[in-house]
Amino acid sequence: MTTTDAPDLATLFSPEHRADPYPAYRRWRDNAPVAELAPGFLVLSSHEACSAVLRDPAFGHAGPDDDVPGPLGGGRPRGSDTSLLDDDGRPVISFLGLNPPDHTRLRRLVSKAFTARTVAGLVPRVEEITTELIDAALDAGEVDLLKALAEPLPVRIISEMLGVPASDHERFAGWSHAMARGTDPAFLLSDETLAAVSTAREEYSDYFRELAARRRADPGDDLLSALVGVSDAGDTLTENELLVTCILLLTAGHETTVNLIGNGTLALLRHPEQLAALRDDPDVAEPAVEELLRYDSPVQLTVRQALQDTAIGDVATPRGTVALTLVGAANRDPAAHEDPGRLDVTRPPSRHLAFGQGIHFCLGAPLARAEGRTALRELARRAPDLRLAGEPSWKENVTLRGLATLPVTLR
């Protein structure tokens, strides 16, 4: 059923809801699980509708040259990248924003770096870095857990995978934060924010262009060297495709896991009995991560566009229709999750949408899960007196919603 009897998006995404958007999501879902806010623009808040759109190949991403009507088709969208162009002057897009066959080709090139087997080989390094970071936090006694653990762990892992020197890790954190803000809907972004996103993207690109040249001359045992080799082999991967792929891997591989660890730790601290369950049984770490992904999703929304005339349930959806899927709302839908507002780290595996579904299912999900399990398990085990040392604060981000600070005492 389509209705316009729902809150407007500006209200839904206002700062007053940033710390806890879920009551607003619930009201939206109860009033209008499929809401038509304007002709050709739908907002989906039910698990059924969001899941259907994410899995349906009739929905995808219309590029600037695609003949698709609607707000996202027929021209370069506000805030899109113009710093990386192909030979015909069109912006190069990461595989996250592509449809088959280009999406299939680019995703296949990097997928081997994120298989379960490959990630299993990375676990000892994840554990080593986690131990080092928690040791330092325990010595300090009181820290901002974002700076002490949640941010450095994933950025060090993805940087090492790509062959980025350790001295450059801090630079990536700043670029990554700016790029993460750029994933929000364009109507929420000021011109100043868009300019900062564009600057970060250009600096990212310049950096990787130089690093790729060094790897081309002196290849190493890292993902960037492997991707450079593919680029040099012919038309399988162009240099600009290489650059946007590296930017995507670093930003997505960093920001979402930071949010998983940060948001997850805060949820556990606010539910001490759940933190105790994890501390008492390390095997709970696996279901705990899945529950935390559902309970406070690192990615709150995503957008798809109808590439052909189709339907969402019984709602006719003409070609060009934009569907904004509220993943955070879907993950608290009682139709899909029993008692969804309750945190239960022993909950059986659920059908959460934190990593998406369909062909765009998060490539780095196995790595994010491994990092989240390790960080949360070891934090619970080694810091039994862990507690909040002040009020946490939130970033402005709506799509990649996460904490800006998380002050804690460890002893």
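The values are calculated or read from the model by the stated rules, or taken from the named source; none is laboratory data. Every value quoted in this text rests on a predicted model; they were computed, and no experiment measured them. All Cβ positions, glycine included, derive from the backbone under ideal geometry; neighbour counts span all protein chains shown.
Observations, loosely collected:
- Counting only residues that are crowded, with 18+ Cβ neighbours inside 10 Å and within 12 Å of Thr374 (Cα to Cα), the range 117-129 holds 3 of them.
- Selection within the range 276-309: residues that are in a helix (DSSP H, G or I) and free of Cβ contacts under 8 Å to residues at least 40 places away in the same chain. The member of this set that is farthest from Pro39 (Cα to Cα) is Asp280.
- Filter result (crowded, with 18+ Cβ neighbours inside 10 Å and under 17 Å from Ser51 (Cβ atoms)) within the range 311-329: Ile312, Thr317, Ala323, Leu324, Thr325, Leu326, Val327, Gly328, Ala329
- Inter-residue pairs, beta-carbon under 8 Å, first more than 24 Å from Ala19 (Cβ to Cβ) and of a type in the set (Ser, Thr, Tyr) and in the range 380-396, second surrounded by 12 or more Cβ atoms within 10 Å (Cβ to Cβ) and at pLDDT below 95, 6+ apart: none
- Residue within the range 289-301 that is buried (at least 20 other Cβ atoms within 10 Å of the Cβ) and farther than 20 Å from Pro349 by Cβ present: yes
- Answer residue from the range 81-115, given it is hydrophobic (A, V, I, L, M, F, W, C) and more than 19 Å from the chain's Cα centre (by Cα) and is modelled with the highest pLDDT among those: Leu109
- When residues of the range 330-342 are limited to those that are of a type outside the set (Asp, Glu) and within 21 Å of the chain's Cα centre (by Cα), the one surrounded by the most Cβ atoms within 10 Å (Cβ to Cβ): Ala330
- For the range 391-401, a tally of residues being among the β-branched types (Val, Ile, Thr), surrounded by fewer than 22 Cβ atoms within 10 Å (Cβ to Cβ) and in contact with a helix residue (DSSP H, G or I) (Cβ under 7 Å, 6 or more places away or on another chain) returns 0.
- Picking from residues in the range 391-411 that are over 17 Å from Ala354 (Cα atoms) and assigned to a loop (DSSP other than H, G, I, E, B), the one that is farthest from the chain's Cα centre (by Cα) is Arg411.
- Pairs where the first residue, in the range 1-29, is modelled with pLDDT under 90 and among the basic types (Lys, Arg) and the second is outside any loop (DSSP other than H, G, I, E, B) and exposed (fewer than 12 other Cβ atoms within 10 Å of the Cβ), C-beta under 8 Å, 6+ apart: none
- Odd one out for Glu273, checked against (1) over 24 Å from the mean Cα position of the chain (by Cα); (2) closer than 30 Å to Glu36 by Cα; (3) modelled with pLDDT of 95 or more; (4) acidic (Asp, Glu): (2)
- Selection from the range 272-311 of residues that are in contact with a Leu (Cβ under 7 Å, 6 or more places away or on another chain) and over 26 Å from Arg369 (Cβ atoms): Gln305
- Within the range 381-411, the set of residues being more than 24 Å from Glu255 (Cβ to Cβ) and not aliphatic (A, V, I, L, M) comprises Arg381, Arg382, Pro384, Asp385, Arg387, Thr409, Arg411.
- Filtered residue count, the range 142-158, keeping only those that are modelled with pLDDT under 95 and more than 21 Å from the chain's Cα centre (by Cα): 0
- Residue tally, condition crowded, with 20+ Cβ neighbours inside 10 Å, of a type outside the set (A, V, I, L, M, F, W, C) and not in a helix (DSSP H, G or I), over the range 357-390: 1
- The range 130-141, subset surrounded by 20 or more Cβ atoms within 10 Å (Cβ to Cβ) and either β-branched (Val, Ile, Thr) or at pLDDT below 95 (or both), residue nearest to Cys362 (Cα to Cα): Thr130
- Only listed residue being out of contact with any helix residue (DSSP H, G or I) (no Cβ under 7 Å at 6 or more places or on another chain), farther than 27 Å from Asp222 by Cα and of a type outside the set (A, V, I, L, M), chosen from Asp168, Asp191: Asp191
- Total residues in the range 334-379, condition under 26 Å from Pro23 (Cβ atoms) and hydroxyl-bearing (Ser, Thr, Tyr): 2
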